[in-house]
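The values are calculated or read from the model by the stated rules, or taken from the named source; none is laboratory data. Keep in mind the model is a prediction, meaning the values are calculated, not measured. In this analysis, Cβ positions are derived from the backbone assuming ideal geometry, glycine residues included, and neighbour counts consider all displayed protein chains.
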Amino acid sequence: MSVKVSAEDLATHAAEYGSTAFVITTKDDGSAHVTHQLVSVVDGIATCPAGKGTRAAVAQRPAVVLLWPPTPSQTYSLIADGTAVVNDDGLVIEISGAVLHRPAGAETC
């Protein structure tokens, strides 16, 4: 089950999950490249540091996914899709959509 998260509410939700998220990009062979990063979200824009592999992936394929897994007190994961560009500090990601998602079959909160 998914619940849409508006761009206006994304920063608030992200703060509830903490300062780190998984940044998922796509490698040349089509497989996922996953890193765990400090992520900041302000006004629908996420920023985070990025290593060489992540920078290379984004330069070729700018679509990214950010994933904040549930904490022990939460049932839902926070998932955001976006388009990234590389800058001197890492990545700047324009968020195109976000959802709160719980596993299929999980009991309702």
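Couple of notes before you dig in:
- Residue within region 90-104 that is more than 23 Å from VAL3 (Cα to Cα) and under 13 Å from the mean Cα position of the chain (by Cα) present: yes
- Answer residue from region 57-109, given it is closer than 17 Å to THR12 by Cα, among the small types (Gly, Ala, Ser) and in contact (Cβ under 8 Å) with a residue 24 or more places away in the chain and is surrounded by the fewest Cβ atoms within 10 Å (Cβ to Cβ) among those: GLY97
- Residue count for region 18-37, restricted to those that are under 11 Å from the mean Cα position of the chain (by Cα) and within 21 Å of LEU100 (Cβ to Cβ): 8
- Whenever a residue of region 6-17 is in a loop (DSSP other than H, G, I, E, B), it has no partner that is of a type outside the set (D, E, K, R) and modelled with pLDDT under 95 lying with C-beta atoms less than 7 angstrom away and at least six residues away or across chains.
- Close pairs (6 angstrom Cβ cut-off, 6 or more residues apart or separate chains): on the phi > 0 side of the Ramachandran plot in region 43-55, surrounded by 12 or more Cβ atoms within 10 Å (Cβ to Cβ) anywhere: GLY44/ALA7; GLY44/ILE95
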